[in-house]
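Undergrad: Sharing a structure here in structure tokens format.
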Amino acid sequence: LTWTPLLPANPTAAWGEYGTVNTGFERDNLMLSRISNMITTRSDSFTVYITVQAWRNAGTANATMDSAQRSAFLVDRSAVTPTNPNPRIVPIPVR
């Protein structure tokens with residue numbers, strides 16, 4: 001028995017999750033993309049995006065969207081303490 005490693009068609013290409021990675025960006029960020037679902041960044045600031053839609057006849061074949069409203073804001077919880085439990089919320093203008 002001989003063991004032959006499975007190599008990509010282009011031996012200079014790096015392996016990605018779904019085959020070979022051919023672009024420079026993908027190759028440069030291969031390690032981060034492989035571990036990104038296993039690491040976390042602790043942060044006190046978040047950007048929140050919300051879209052609310054109103055539909056007529058929802059759940060039927062004749063569903064039509066009546067209206068949609070987009071909103072975005074920043075949430076900063078760096079000053080949250082037991083005596084000040086509310087984070088600072090800053091609206092972001094959305095067109």
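Undergrad: With labels modelled as points extended 7 Å from the Cα through the Cβ direction, what inter-label distance (nm, one decimal) is found for ARG56 paired with VAL90?
TA: Between ARG56 and VAL90, the simple spin-label model gives 4.1 nm.
Undergrad: SER78 to ARG42: extension gain in nm, 0.36 nm per residue of separation minus the Cα-Cα distance?
TA: 11.8 nm
Undergrad: On to the next question. Within a Cβ distance under 15 Å of ASP44, other residues only, what is the Lys/Arg minus Asp/Glu net charge?
TA: Spelling it out: positives minus negatives among the neighbours equals +2.
Undergrad: Moving to a separate point now. Quick one, what does Rg over Rh come out to for segment 48-95 if you take C-alpha atoms and the Kirkwood Rh?
TA: 1.26
Every read-out reported here was derived from the displayed coordinates using simple, explicitly stated rules and does not represent laboratory data. Quick caveat, the model's predicted, so the values are computed rather than measured. Glycine gets a Cβ as well: all are built from the backbone with ideal geometry, and neighbour counts include every protein chain shown.
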